[in-house]
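So the structure is just underneath, and the comments pick up after that.
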Amino acid sequence: MDDYGDKKSPGDAVIQADHNRDFAPESEVTRHGQEHDARDMRRLGRKQEVKRRFRFFSIVGYMVILASTWEGALVSTIFSLPNGGTAGTIWMTLIASLGMLTSTLSMAEMASISPTAGGQYHWVSEFAPPKLQKPLSYAVGWMAALGWQTAMPAVAYTAAIQVIALIATVDADYVIQGWHGALLTIAFVTFAILFNMFAINKLPLIEGLVVIIHLFGFFAFVVVLWVTGPRTPGSVTFTTFADEYGWGSPGLAMLVSIVGPAAALIGADAAVHLAEELQDASYVLPRAMITSALINYATAFVTVISLVSAIGPNLEEVLATSTGQPWVEIVRLATGSQTATIVLVVLVCFQYTFTSINPVTTSSRQLWALARDKGIPFHHFLSKVDSRNNVPQNAVIVTLCTTIIVSLIIIGSSIAFNIILSICNVSLIASYLICIATFLAKRVRSKGDLPARKFSLGRFGLPLNIAALAWLSLLLVFLLFPAAPHPEPAGMNWACLMFGVVILFAFGWYAVRARHEYDGPVEYMREDM
């Protein structure tokens, strides 16, 4: 490794008691992984504390279930159809898939160089110019933590509103109340937390079973919509744009609608934070990231085409549905059967029940990694790993508490809750943007002479990194747009303000204490590995 500037050499005093960087004997590390994993952990300056329970197929299944993109594509139509219409929904899903693929490829190469639970903030620490390594990696660590801690209530709430849509489908007189969503969200996250605490070793097996149901469910939905839905000509579906909210331009409305498909596709770093629980991580992780991305993007795109093609002339009725979920109304109109609609909604609810498990795993591991580097308050408590199940249980419990607190906001205002959830997307996209930018700068400075890795983009690396930065910059801008023009204060997108408040708090803590404790992961890396 190079570009360490005036910092002490990573080969000097890497093992410090006050930093808990003592290495276990290599034979002990190998029992938790392969020889390649032991070497990677030694180079990264890490002690193997968690069990390497995942392999290629189980980690692919993990990412496929966490993303649940065809289910997410159903839900995101509530954002896309009013802004852009059927054509805008289709084309922006395609653009979002291609854009996110460039980001995934860029991060896959970084993951092969440094497969660590720290993910983005570790890569920034390793690749940023020396003077920026410490403060920039600290900021990115907080962005990723904020993104994944708010992702957990986002997924649980999405599951909750599918259950509410099911109830509304069964009972036409049902009136949706805010506290219903709050309690259901807490129920989903409690289930996910308990699973992560007491059944985590069964997760790879469960993922395999659920991913089979996930794929069969995809084909069931597509076949039902193709067979029973109206035959809307492709010349209409692919060319009909809409501006229901009055942006004044279908093009601008379509760009605003990119938030919907992008939200269903965000999460390329999900498996990265489980790198220390994956066998042969430097080889398997990047390939698993790309494999799952291709599966997710393909199923999402086919689902969107199938769904919007089944709308026919019923767009206004679909958007005004009493269930709160346009996709449920599309299925009901297509099948003409309440029973069939209920069965398909139950399938989606089942999928989201297990989808809620994975964000807990990812968010707790990311929080644990940042605590391990003393980047957050109470890091001694949060960095502990339970010796019985090799899980950072304290980080899992904090994730539960955070989610419950955020979920209670639904009782007062679902709008306020949605604003908080939008921070998830903003935070994660900002962390992707910064880590890829530092990697691109490193690539240019070193003239392509990057550290050894088992996955390389080769000569395509530079253009793919540039394309990823262009896409993420565009997406970040429109993630900060309100849902409709000329909003009242309650309808504003306050994500930028709230994101800024958290970052200000982070650097307040940095000024008071973290700058004396947080050194950045690069400080502990071994240069001679």
I need the helices (runs of 4 or more DSSP H) fully contained in the range 168-260, keeping only those with at least 2 residues that are at pLDDT 85 or above and hydroxyl-bearing (Ser, Thr, Tyr). 178-198
Quick check, is Val302 without any contact (Cβ under 8 Å) to a residue 60 or more places away in the chain and either part of a helix (DSSP H, G or I) or open to solvent by less than 20 Å² (accessible area, probe 1.4 Å) (or both)? no
Within the range 478-496, can you find the residues that are surrounded by fewer than 12 Cβ atoms within 10 Å (Cβ to Cβ) and either under 22 Å from the mean Cα position of the chain (by Cα) or not in a loop (DSSP other than H, G, I, E, B) (or both)? Pro489, Ala490
Could you list all residues from the range 181-204 that are open to solvent by 40 Å² or more (accessible area, probe 1.4 Å) and without any contact (Cβ under 8 Å) to a residue 40 or more places away in the chain? Leu183, Leu184, Ala187, Leu194, Lys202
Which residues, taken from the range 314-344, are free of Cβ contacts under 8 Å to residues at least 12 places away in the same chain and over 13 Å from Phe221 (Cα atoms)? Glu316, Ala320, Thr321, Ser337, Thr339
With of a type in the set (Ser, Thr, Tyr), at pLDDT below 90 and either in contact with a Phe, Trp or Tyr (Cβ under 7 Å, 6 or more places away or on another chain) or open to solvent by less than 10 Å² (accessible area, probe 1.4 Å) (or both) as the only criterion, which of Ser309, Ser282, Ser292, Ser356 stands out? Ser356
Considering every residue within the range 362-381, establish whether at least one is more than 22 Å from Lys47 (Cβ to Cβ) and either open to solvent by 10 Å² or more (accessible area, probe 1.4 Å) or without any contact (Cβ under 8 Å) to a residue 60 or more places away in the chain (or both). yes
When the residues of the range 261-276 are filtered to those that are at pLDDT 90 or above and not aliphatic (A, V, I, L, M), which remaining residue is nearest to the chain's Cα centre (by Cα)? Asp269
On the basis of being at pLDDT 90 or above, within 30 Å of Trp494 (Cα to Cα), among the β-branched types (Val, Ile, Thr) and out of contact with any Pro (no Cβ under 6 Å at 6 or more places or on another chain), does Ile376 make the cut? yes
Selected residue (only one of Ala467, Ala395 is in a helix (DSSP H, G or I) and farther than 22 Å from Tyr157 by Cβ): Ala467
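The values are calculated or read from the model by the stated rules, or taken from the named source; none is laboratory data. Predicted model only: the values in this text are computed from it and were never measured. Positions of Cβ are backbone-derived with ideal geometry, glycine not excepted, and every protein chain shown enters the neighbour counts. Heavy atoms of the whole protein, side chains included, go into the accessibility calculation; ligands, DNA and RNA do not. Shrake-Rupley method; radii C 1.70, N 1.55, O 1.52, S 1.80 Å.
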